[in-house]
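The values are calculated or read from the model by the stated rules, or taken from the named source; none is laboratory data. Model, not experiment: these values are computed from the prediction. Every residue, glycine among them, receives a Cβ derived from its backbone with ideal geometry; neighbour counts consider all protein chains shown. Heads up: the accessible areas ignore ligands, DNA and RNA and are worked out on the full protein's heavy atoms, side chains in. Shrake-Rupley method; radii C 1.70, N 1.55, O 1.52, S 1.80 Å.
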Amino acid sequence: AEDDAMAEDVYSTIDAMIDDEIATLDANNYNSDNGFKSGDDELYVCKEITVDHPNDTTYFPKVVTIDYGEGCTVIINGEEYTRKGMIKITVTERWFIEGASRTTTFIDFYMNDVKVEGTRTLTNIGANDDGNLEFSHELVDGKLTFFDSLEYTRTSSGVREWERAATPIDDKWYITGSRNGINAEGSAYEHTIIEELVLVRCEEFRYQWAIVQGVVEVTRNGKTAIIDYGNGTCDGAAVLEVNGEQREFQVRKRYNHRRKIFRMRN
């Protein structure tokens with residue numbers, strides 16, 4: 001269940017990070033010299049963004065490549081986070097147009113020691129009754145690999161709602177849907193979001209995206225666990241409940257710590 005929380009955090013964070021880049025590129029006519037900036041100078045100075053036009057097309061599709069090279073590192077609350085490798089995104093149309101889609105693939109891309117794989121497709125399905133844009137999302141052949149050996153696979157689908165604020169730093173994402181796959185111990189699991197996940201930029205994490213609210217039910221081998229991400233506080237914590245017993249854990253610390261213990265134990 002804790003691995004599941006980390007997997008959700010990894011893919012949701014990448015989605016939101018790409019949202020930032022594509023929205024800013026779209027606003028700047030896909031001029032890669034005007035990439036999104038924030039307080040995380042270390043991440044944004046060392047990466048390189050390029051925009052290509054396959055088949056010599058002038059407009060769309062466009063292929064956006066985010067290249068972190070050998071690694072871009074930032075320290076958050078004493079924890080080191082490094083992105084390295086490349087993310088490639090194919091965009092079919094201006095991002096705010098209904099029907100526009102983007103397909104993301106990963107080329108030797110890592111979040112710390114976790115290798116990220118899969119094909120992620122998001123499609124703009126239009127505005128909802130609140131005026132917020134909604135995007136269907138699908139992940140095929142998703143896989144997280146710890147220390148080049150332990151694998152956690154994931155297939156997912158659902159809807160992401162974008163609540164835009166007066167300034168992008170206050171935007172929110174609301175995520176629904178389900179996921180399934182094989183965990184690092186070789187067991188099949190199912191994951192259902194029973195209360196929508198809320199993703200925001202947290203000042204406490206140097207304005208990196210984080211899940212701060214929502215409830216997920218995870219089922220494995222006939223047993224069920226509940227992951228509760230809290231009430232909107234940017235503390236990086238979630239509460240795991242199994243058989244009525246609860247304990248709190250830090251989602252992102254698992255990028256480094258818990259999997260080392262798992263590797264030693266096995």
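Summary of values
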| read-out | value |
| --- | --- |
| Candidate set: the stretch 217-229, residues that are crowded, with 18+ Cβ neighbours inside 10 Å and of a type in the set (V, I, T); chosen: the one nearest to G177 (Cα to Cα) | V218 |
| Where a residue in the stretch 73-96 is under 18 Å from Y207 (Cβ atoms) and its partner, wherever it lies, is open to solvent by 70 Å² or more (accessible area, probe 1.4 Å) and part of a loop (DSSP other than H, G, I, E, B), with Cβ under 8 Å and at least six apart | V74/R206; I76/R206 |
| Boolean, T119 is farther than 22 Å from V198 by Cβ, open to solvent by 30 Å² or more (accessible area, probe 1.4 Å) and either in a strand (DSSP E or B) or in contact with a Pro (Cβ under 8 Å, 6 or more places away or on another chain) (or both) | yes |
| Matching entry among I66, I125 (being open to solvent by 60 Å² or more (accessible area, probe 1.4 Å), assigned to a strand (DSSP E or B) and at pLDDT 90 or above) | I125 |
| Residue among G214, G232, G236, G181 that is under 19 Å from the mean Cα position of the chain (by Cα), at pLDDT below 95 and open to solvent by less than 20 Å² (accessible area, probe 1.4 Å) | G236 |
| Checklist (1) without any contact (Cβ under 8 Å) to a residue 12 or more places away in the chain; (2) farther than 19 Å from E117 by Cβ applied to G186, failing item | (2) |
| Failed criterion for D108 (all others in (1) open to solvent by 30 Å² or more (accessible area, probe 1.4 Å); (2) modelled with pLDDT of 95 or more; (3) on the phi < 0 side of the Ramachandran plot hold) | (3) |
| Cβ-Cβ under 6 Å pairs, at least 6 apart or on other chains, the stretch 99-112 side assigned to a loop (DSSP other than H, G, I, E, B), far side surrounded by 18 or more Cβ atoms within 10 Å (Cβ to Cβ) and modelled with pLDDT of 95 or more | A100/N124 |
| Selection status of S136, of a type in the set (G, A, S), over 15 Å from T233 (Cα atoms), open to solvent by less than 20 Å² (accessible area, probe 1.4 Å) and in contact with a strand residue (DSSP E or B) (Cβ under 9 Å, 6 or more places away or on another chain) | no |
| Qualifying residue in the stretch 6-26 (condition: modelled with pLDDT of 85 or more, in a helix (DSSP H, G or I), out of contact with any Phe, Trp or Tyr (no Cβ under 7 Å at 6 or more places or on another chain) and over 21 Å from E117 (Cα atoms)) | yes |
| Top-ranked residue in the stretch 144-162 [being out of contact with any Phe, Trp or Tyr (no Cβ under 7 Å at 6 or more places or on another chain) and of a type in the set (D, E, K, R); ranked as most open to solvent (accessible area, probe 1.4 Å)] | D148 |
| I175 part of a strand (DSSP E or B), modelled with pLDDT of 95 or more and open to solvent by 60 Å² or more (accessible area, probe 1.4 Å) | no |
| Single unsatisfied condition, S187 versus (1) among the hydroxyl-bearing types (S, T, Y); (2) within 19 Å of E2 (Cβ to Cβ); (3) at pLDDT 95 or above | (3) |
| Qualifying residue in the stretch 192-199 (condition: in contact (Cβ under 8 Å) with a residue 60 or more places away in the chain, closer than 18 Å to V10 by Cβ and buried (at least 18 other Cβ atoms within 10 Å of the Cβ)) | yes |
